[in-house]
Amino acid sequence: MKLYSIKGGIKLKQNKFADANIINTLPVLDGELFYYPLSNSFCNNSIPVVEKGAVVKAGDVIAKASETGFSIDIHSSVDGIVEDVTQIKHSKLMHTEGIIIKASEQSGDYSKLAPTKDIVDTIKNAGILGMGGAGFPSYVKFFSSKSKVDTLIINASESEPYLTCDQSILINKADELIETILFIQKELDIKRVIVALEGNTTEQTDKLKQLAKDNSIDIAELPRKYPYSGEKQLIYVLLGRTVKKGELPSSVNVMIQNVSTIYGIYEAIKKSKPVIDRVITVSGDIDNHQNIVVKMGTTVRSLLEKLNLDPEKYNRIILGGLMTGTSIADLDVPILKTVSSILLLNDKSKNHEEEACARCGRCIDVCVMGLSPTGIKNSIMQGDIGQAIDDDIMSCIECGCCSYVCISHRKLMESIQYAKNFLVKDHIAATENDKAVGGK
Amino acid sequence: MSSFLMKLPPHQHGKYETKYTFFILSAAMLPAILFSIFYYGYRMLFAYILTMGVCSFTEWVYESIKYKKDYLERFLEFKGSVTAALIVMTLPPILPYYVYVVAALIASIIAKQLFGGFGRNVYNPAITGRIAVLVGYSSLMSTFYLPTSNILENGLFNITTVPIDAISMATTLTAAKETVASGGTLPILMTDTWLPSFLGFIPGAAGEVSALALLIGGALILITRIGAWRIPFACLTTFLVLATVFWYFNQGYVLDPITQVLSGGIILGSFFMATDFVTSPLYSKGKIIFGIGCGALAIMIRIFSSYPEGIGFSILLMNSLVPLIDRYTKPRSFGG
Ligand code: SF4
Ligand code: SF4
């Protein structure tokens with residue numbers, strides 16, 4: 001199929017060591033503690049519905065979605081007893097309110113979701129989030145896409161190094177994926193479905209390709225470049241449609257779903273199973289690379305113990321991919337729905353000191369959003385957030401390419417991320433305040 | 001436990017660093033540097049070492065004061081040495097050593113550090129240094145030599161005194177200017193100078209004579225993609241097109257385009273000086289505009305002014321336009 005080309009992006013070393021043909025399962029130990037934060041990147045403030053000492057089964061709702069903002073139900077991933085409802089650790093938020101459950105003997109079964117008429121409700125009740133890493137609640141995507149979307153894109157491009165978890169699903173769960181895709185296509189009355197493969201996901205996926213062909217689903221093989229998988233990039237590369245600044249994919253009648261998310265939807269719809277586990281890649285500078293099904297709420301520490309990995313041997317541990325993941329200092333943080341991998345690395349990497357911009361222009365060349373990362377960073381450093389907003393700071397997809405290539409080791413993406421999360425809001429509030437005061 | 005390295009994403013970095021970039025740049029200049037040593041003798045080697053020493057030292061003192069810490073490591077970072085090498089390469093070959101020192105001091109202190117150091121300077125330091133001594137020591141600057149032997153024949157230490165083994169001679173560009181000024185005419189095509197100019201066996205500035213050596217270095221810059229191809233491409237194309245036009249309408253009074261491009265500093269300038277990151281535009285469109293400006297001004301200064309060579313002035317002039325160019329060539333964001 002014809003692809004449109006976009007400027008920018010980088011070639012990364014693949015390092016795809018984890019065998020995608022096999023998916024292992026991580027056992028649950030008696031007495032092991034599981035942690036469930038009530039807030040996540042997009043979804044906040046679920047309300048606990050269990051108390052200390054309550055007996056729960058896997059799949060039971062332990063916290064209900066709140067009425068305000070984006071919020072989802074949270075399910076226990078194990079059979080056990082509620083140990084406490086208190087402050088717990090979180091890889092991104094440091095500390096947050098959460099529920100701790102102590103596992104007892106596992107029955108291996110789970111409480112099924114109540115049947116609903118609407119696919120959107122099922123997805124919401126199952127607690128499905130964008131499992132590629134962003135964590136945008138899927139029900140919102142489905143809701144805003146209803147009767148609007150003509151194309152569904154399945155993002156199977158796993159362009160970050162080391163990761164093979166999506167590939168493992170593509171290989172091992174091809175039937176299930178296609179079944180779900182056809183189901184969604186029928187439910188939402190979608191004309192066309194494209195599965196976008198890239199890098200390692202194009203390998204060993206003959207079964208999926210054959211099934212797709214039989215069901216007139218298009219397959220696109222993207223060039224091996226990071227980050228063609230950004231939503232706006234993917235839509236342009238595949239369809240030639242441009243999502244305007246500040247708009248969502250639904251504005252050009254497209255919905256994008258990640259492979260892991262589709263598999264989550266499969267479990268919700270066909271097996272009435274909420275998201276209580278997911279496949280993650282364990283890799284890095286270790287020997288036994290693998291893809292493994294991990295129960296939500298498992299701590300990094302207990303995962304490493306069960307896999308016989310000694311954390312002392314490594315100097316950094318990253319949840320998620322090398323380009324966008326989070327490095328952790330504390331092993332007691334839980335693995336959540338958005339975590340696609342754990343990377344244990346032992347290398348000479350350090351926090352480089354930033355040097356003056358050499359004005360080489362490399363960051364501008366690689367930015368797939370066509371931004372000038374150095375210009376935006378300069379504006380931020382000078383405190384001129386207004387200029388940064390004019391230069392479209394909010395369009396940044398936080399891919400990290402600019403920092404990756406900067407010859408002066410400037411923390412471009414880091415500053416932009418910080419400004420986006422904190423400074424821009426303040427600036428907008430301040431200017432509105434000014435306007436209000438000036439208007440009087 | 002807390003011994004894990006905490007870092008914001010991205011957790012990896014590409015292989016290109018300032019150090020690496022400057023190392024490649026230095027390597028790219030090496031063919032031309034070696035040629036000048038081969039051609040003009042060991043004095044050139046001393047000149048390079050001396051100038052690099054001066055540049056690196058001032059750079060080191062400056063950074064030590066500015067950042068209040070030991071920057072000994074930076075001594076070896078090739079930042080000062082690219083400037084230093086360019087100064088020696090653009091000056092006539094056999095000069096009293098103090099001229100190099102003056103040029104180096106002006107380049108690194110006035111043109112670079114007073115502007116705020118690496119990354120902030122507006123004007124290309126090497127060209128600033130060169131032009132300062134060009135104005136200050138104009139008689140020395142117009143004396144060029146054609147060596148009658150080289151170090152392969154004489155051994156490294158044999159060309160000790162000047163001008164015993166070399167004859168003083170005007171460059172092609174100066175000679176042409178003088179011929180025309182005294183009422184003579186030039187051959188329409190100076191075919192006999194083409195090959196020596198390409199190889200470098202002509203009188204000229206130390207590092208500018210051999211087009212071949214410079215093009216090898218230029219190719220290295222383009223292959224490793226540390227420099228932007230847009231500037232040299234736009235600059236040389238504009239230069240050649242305009243040179244052809246002027247020559248076509250003034251045959252006999254203007255050198256033919258091939259001779260034009262092979263003599264003087266246009267190749268060195270467009271590949272190694274106009275491409276200096278710090279003093280050239282940031283965005284692709286701007287780079288093309290900048291290249292066109294450099295090429296056009298260079299040929300116009302050569303033809304319409306009393307200076308035989310114009311690449312240095314033209315780059316400096318375009319340097320001052322960089323902030324303006326940047327402002328109007330900002331890229332449009334995707335979907336914005
Ligand atoms: S500015 Fe944003 S979108 Fe552009 S390269 Fe940097 S992180 Fe990626
Ligand atoms: S990559 Fe780094 S040094 Fe180069 S222009 Fe961007 S910020 Fe400046």
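Laboratory data are not the source of any read-out in this text; all were calculated from the coordinates shown. Since this is a predicted model, take the numbers as computed values, not measurements. All Cβ positions, even for glycine, are placed from backbone atoms using ideal geometry, and neighbour counts span all protein chains on display.
Some points to look at:
- Against chain B, whose longest principal axis is taken from its Cα atoms, helix B:42-67 shows a tilt of about 30°.
- Counting, for every residue in A:360-373, the Cβ atoms of other protein chains within 10 Å of its Cβ and taking the mean gives 5.
- Counting DSSP beta bridges with both ends in the protein assembly as shown, the antiparallel % (nearest 5): 60 percent
- Each listed q (0.12, 0.16, 0.18, 0.22 Å⁻¹) maps to a log10 I(q)/I(0) for segment B:197-293, found by the Debye formula over equal Cα scatterers with no solvent: -0.40, -0.70, -0.85, -1.12.
- Other protein chain C-beta atoms within 10 Å of residue C-beta, averaged over A:326-332: 4.
- Sequence ranges B:124-134, B:237-247, ranked by mean other-Cβ count within 10 angstrom, highest first: B:124-134, B:237-247
- Converting the Cα gyration tensor eigenvalues of chain A into ellipsoid dimensions via √(5λ) gives semi-axes, longest first, of 33, 27, 25 Å.
- The mean sequence distance of close C-alpha pairs (under 8 Å, at least 6 residues apart), as a share of the length of segment A:362-439, puts its relative contact order at 31 percent.
- Computed about its Cα centre, the charge dipole of chain A is approximately 1140 debye, with only Lys, Arg, Asp and Glu carrying charge at their Cβ.
- Point-charge dipole on Cβ atoms (K/R +1, D/E -1) for chain B, about Cα centre, debye to 20: 1340 debye
- Value of D in µm² per second that Stokes-Einstein yields for segment A:362-439, Kirkwood Rh from Cα pairs, at 10 °C (1.306 mPa s): 124 µm²/s
- The spacing between segment A:86-156 and segment A:415-435, judged by their C-alpha centroids, is 30 Å.
- Look at the dipole of segment A:362-439 built from charges on Cβ: of A:Ile416, A:Ser395, A:Ile385, the Cα furthest out on the positive end belongs to A:Ile416.
- Entries in A:Lys57/A:Lys213; A:Lys13/A:Lys89; A:Lys92/A:Lys186; A:Lys124/A:Lys244; A:Lys7/A:Lys377; A:Lys16/A:Lys186 that, when Cα-Cα distance is taken, lie over 30 Å: A:Lys57/A:Lys213; A:Lys13/A:Lys89; A:Lys92/A:Lys186; A:Lys16/A:Lys186
- Within the straight-line cut-off of under 17 Å between alpha carbons, the aspartates and glutamates reachable from A:Lys411 are A:Glu353, A:Glu354, A:Glu355, A:Asp365, A:Glu398, B:Glu17, sequence neighbours fewer than 8 places apart in one chain being disregarded.
- If the convex hull is drawn through the Cα atoms of segment A:54-134, its volume per residue in Å³: 133 Å³
- Put simply, the C-alpha atoms of chain B give a gyration tensor, and the ellipsoid matching it has half-axes of 35, 26, 18 Å, longest first.
- Between the C-alpha center of segment B:300-336 and that of segment B:203-253 there is a gap of 16 Å.
- Among the trypsin sites (Lys or Arg not before Pro) in segment A:315-423, those placed in a DSSP loop whose Cβ has at most 15 other Cβ atoms within 10 Å are A:Lys348, A:Lys350.
- All other residues whose Cβ lies under 11 angstrom from that of A:Leu33 are scored, Lys and Arg at +1 and Asp and Glu at -1, for a net of -2.
- Cut-off 13 Å between beta-carbons: net charge of the residues surrounding A:Lys313, Lys and Arg +1, Asp and Glu -1: -4
- Inter-chain Cβ neighbour count for B:323-336, averaged per residue, equals 6 (cutoff 10 Å, partner chain atoms only).
- Most positive-pole-ward Cα, A:Leu33, A:Gly284, A:Ser138, against dipole of the protein assembly as shown from beta carbon charges: A:Ser138
- In segment A:119-270, inverting the average of 1/r over every pair of distinct C-alpha atoms gives 15.3 Å as the Kirkwood radius.
- D (Stokes-Einstein, µm²/s), Kirkwood Cα radius, the protein assembly as shown, 0.692 mPa s at 37 °C: 110 µm²/s
- With respect to chain B, whose longest principal axis is taken over its alpha-carbon atoms, helix B:311-328 is tilted by about 40°.
- From most to least packed by mean Cβ count within 10 Å, the peptides A:70-78, B:36-44, A:285-293 give A:70-78, B:36-44, A:285-293.
- Cα centroid of segment A:318-367 to Cα centroid of segment B:168-200, whole Å: 59 Å
- Note on A:Lys271: aspartates and glutamates with a C-alpha under 12 Å away, same-chain residues under 8 apart excluded, are A:Asp109, A:Glu176.
- Selected from B:Ser320, B:Tyr100, B:Val245, residue furthest toward positive end of dipole (chain B; charges at beta carbon): B:Ser320
- With the convex hull drawn around the C-alpha atoms of segment A:29-77, the volume per residue stands at 80 Å³.
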